[in-house]
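Colleague: Pasting a structure here, questions to come.
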Amino acid sequence: MKLNNYLRLVLVGAVALAGCSKKGPATASNPGKYSSTTGIEYNTEKGMAVANFKKIPEGPGLVFIEGGRTVLGSQEEDVTMTHDNIERTVTIASFYMDEAEVANIHWLEYLHFIRTDSAEEFYKSALPDTTVWARDLSFNDPYVTYYLRYPGFRFFPVVGVSWLQADDYCTWRTAKVNERLAAGGDSKSGKGGLFGKKKDKGAAAGAEGTAGAAGALGTGKNSTSIENGNTLPNYRLPTEAEWEYAAQALVGTQEVGNENQEEKRIYPWDGKSTRNAYGKKQGQFLANFKRGRGDYAGIAGSLNDGAMITEQVYAYPPNDYGLYNMAGNVNEWVQDVYRPLSFQDVEDLNPFRRNGVGDPAEKYDKKGYQSLIDDHVRVYKGGSWRDVAYWLSPGTRRFMAEDSATATIGFRCAMINAGSNK
């Protein structure tokens, strides 16, 4: 009898050990059948609903940017004497970013959907200002009519878009992509939904904002919600720090095991020149910018940078993160409110300058015309087709009113890398 009890204990112990060796620690994709703190079984009448989760759904157009430590700030001589981007060490969490600037075809798609799904007033507010091309002493009149809508310009970057319009686009894009995911990945199969004509009250409330849109579709085990992990996080404008870090792309200069980052970059590519130093395209410019006074593209028969105005969003070589036109073509809006001392005020982990925190606008005499700074001016970066090479350096920065637009500023979207440091 004692021997049988002994064998039974040995057998139970062996099974327990075998189960432990296979189970391992709980993870996001394998949380286990039971709670590791209460022992209550998930997905039962008394337990919490825990949905299956593999990883964040793939976001259209996005490239993964592995974060890390870097030195932000201007790598160029501060010729403007603004001293508004002094070098400092920060850490940026991993995130996603559009591989290219948002193009005319993408904005036309946006207009197509909101024309049927939204109020006429909002549709009109989303129209780009095509008159940004008009110049009193320059014949740019054809661009006013054709740049946005003519098929030949489909994959040229959208311009004439304010920061506020770009921010609205990010909200719409989040909701539209998640609507497609909720319909099983087929955008044609969805009827009604966030942007359909027949909406219930819950869906309509969700359509007002990206966060609400993600949660408005339900919280059940198989529904579309943040908790279930079957929606994408918000598309948004990148922070200035994220944008600058992604433009540096120092991942391409790294040696395994070396954390010193001896190799710095003035531009989003190797070397101190704006020209390609290698291969068949040696000597050609690596970005679309103004070469000098009155020289936007070079001479006929050898158009070096290939563009008098903007160029297609995939026209130049990508940087080491796979991002196109992180210098030149068009400047790009970022999230941050502009302050000249942001570099010393913000934190060193995911730095970001938001409204109403420190360095109040009252310190800047805008009413007395001694300053252009207030809480409604936003940073833009990257240089454009109409800028000289100085502005191609990722550390340079400028600002403009968030409700203004020009022919030299576009944007791209970013997204958090949820639930992972890699």
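The values are calculated or read from the model by the stated rules, or taken from the named source; none is laboratory data. Bear in mind the structure is a predicted one, so any value in this text is a computation, not a measurement. Note that we place each Cβ from the backbone using ideal geometry, even for glycine, and neighbour counts take in every protein chain shown.
Colleague: Of all residues in the range 319-329, count the ones that are of a type in the set (Gly, Ala, Ser) and crowded, with 22+ Cβ neighbours inside 10 Å.
Modeller: The qualifying residues number 2.
Colleague: OK, next. Within the range 330-374, can you find the residues that are surrounded by fewer than 16 Cβ atoms within 10 Å (Cβ to Cβ) and of a type in the set (A, V, I, L, M, F, W, C)?
Modeller: Across the range 330-374, the qualifying residues are Leu341, Leu349, Val357, Leu372.
The rows are residues; the columns are (1) in a helix (DSSP H, G or I); (2) surrounded by fewer than 20 Cβ atoms within 10 Å (Cβ to Cβ); (3) modelled with pLDDT under 95.
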| position | (1), (2), (3) |
| --- | --- |
| Arg173 | yes, no, no |
| Gly192 | no, yes, yes |
| Gly196 | no, yes, yes |
| Ala213 | yes, no, yes |
| Asn230 | no, no, yes |
| Glu255 | no, yes, yes |
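Colleague: For the range 138-168, enumerate the residues that are touching a residue at least 24 places away in the same chain (Cβ under 8 Å) and β-branched (Val, Ile, Thr).
Modeller: Correct list: Val158, Val159, Val161.
Colleague: With the condition being within 14 Å of Glu101 (Cβ to Cβ), I'd like the strands (runs of 3 or more DSSP E) fully within the range 305-403 carrying at least 3 qualifying residues.
Modeller: 331-337
Colleague: Got a sec? Which of Glu45, Glu41, Glu66, Glu87 is within 30 Å of Trp172 (Cβ to Cβ) and of a type in the set (Asp, Glu)?
Modeller: The conditions single out Glu66.
Colleague: Here is a check on your reading of the model: is Tyr42 surrounded by 12 or more Cβ atoms within 10 Å (Cβ to Cβ), over 30 Å from Tyr314 (Cα atoms) and either at pLDDT 90 or above or not β-branched (Val, Ile, Thr) (or both)?
Modeller: On the way: surrounded by 12 or more Cβ atoms within 10 Å (Cβ to Cβ): yes; over 30 Å from Tyr314 (Cα atoms): yes; either at pLDDT 90 or above or not β-branched (Val, Ile, Thr) (or both): yes.
In short, yes.
Colleague: Could you check how many residues of the range 290-318 are surrounded by 24 or more Cβ atoms within 10 Å (Cβ to Cβ), modelled with pLDDT of 95 or more and more than 13 Å from Arg412 (Cβ to Cβ)? Working first, answer last.
Modeller: Taking the range 290-318 as the starting set, the residues that turn out to be surrounded by 24 or more Cβ atoms within 10 Å (Cβ to Cβ) are 305, 310, 313, 316.
Add one more test, that the residue is modelled with pLDDT of 95 or more, and what stays is 310, 313.
Then keep just the ones that are more than 13 Å from Arg412 (Cβ to Cβ); that gives 310.
Selection size over the range 290-318: 1.
Colleague: Report whether or not Thr70 is touching a strand residue (DSSP E or B) at 6+ places or on another chain (Cβ under 6 Å) and under 19 Å from Asn260 (Cα atoms).
Modeller: Numbers: touching a strand residue (DSSP E or B) at 6+ places or on another chain (Cβ under 6 Å): no; under 19 Å from Asn260 (Cα atoms): yes.
It is false that Thr70 is touching a strand residue (DSSP E or B) at 6+ places or on another chain (Cβ under 6 Å) and under 19 Å from Asn260 (Cα atoms).
Colleague: Would you be able to say whether some residue in the range 359-379 is under 24 Å from Asn417 (Cα atoms) and free of Cβ contacts under 8 Å to residues at least 60 places away in the same chain?
Modeller: no
Colleague: Which numbered condition in (1) in a helix (DSSP H, G or I); (2) within 15 Å of Val159 (Cα to Cα) is the only one that Pro128 fails?
Modeller: Against the list (1) in a helix (DSSP H, G or I); (2) within 15 Å of Val159 (Cα to Cα), Pro128 comes up short only on (1).
Colleague: Another question, if that's okay. Tell me, please, whether a residue that is exposed (fewer than 13 other Cβ atoms within 10 Å of the Cβ), modelled with pLDDT of 95 or more and of a type in the set (Ser, Thr, Tyr) can be found in the range 141-149.
Modeller: For the range 141-149, residues exposed (fewer than 13 other Cβ atoms within 10 Å of the Cβ), modelled with pLDDT of 95 or more and of a type in the set (Ser, Thr, Tyr): present.
Colleague: Assess whether Phe343 counts as being farther than 30 Å from Glu311 by Cα, within 17 Å of the chain's Cα centre (by Cα) and either in the same structural domain as Thr145 (by TED's automatic domain parsing) or small (Gly, Ala, Ser) (or both).
Modeller: Details: farther than 30 Å from Glu311 by Cα: yes; within 17 Å of the chain's Cα centre (by Cα): no; either in the same structural domain as Thr145 (by TED's automatic domain parsing) or small (Gly, Ala, Ser) (or both): yes.
For Phe343, the condition - farther than 30 Å from Glu311 by Cα, within 17 Å of the chain's Cα centre (by Cα) and either in the same structural domain as Thr145 (by TED's automatic domain parsing) or small (Gly, Ala, Ser) (or both) - is not met.
Colleague: Now for a different question. Of these, Gly301, Gly292, which one is touching a residue at least 40 places away in the same chain (Cβ under 8 Å) and out of contact with any strand residue (DSSP E or B) (no Cβ under 9 Å at 6 or more places or on another chain)?
Modeller: Values: Gly301 fails: touching a residue at least 40 places away in the same chain (Cβ under 8 Å).
The unique qualifying residue is Gly292.
Colleague: Look at Lys33 and say whether it is touching a strand residue (DSSP E or B) at 6+ places or on another chain (Cβ under 7 Å) and not assigned by TED's automatic domain parsing to the domain that holds Thr396.
Modeller: Yes: the conditions hold for Lys33.
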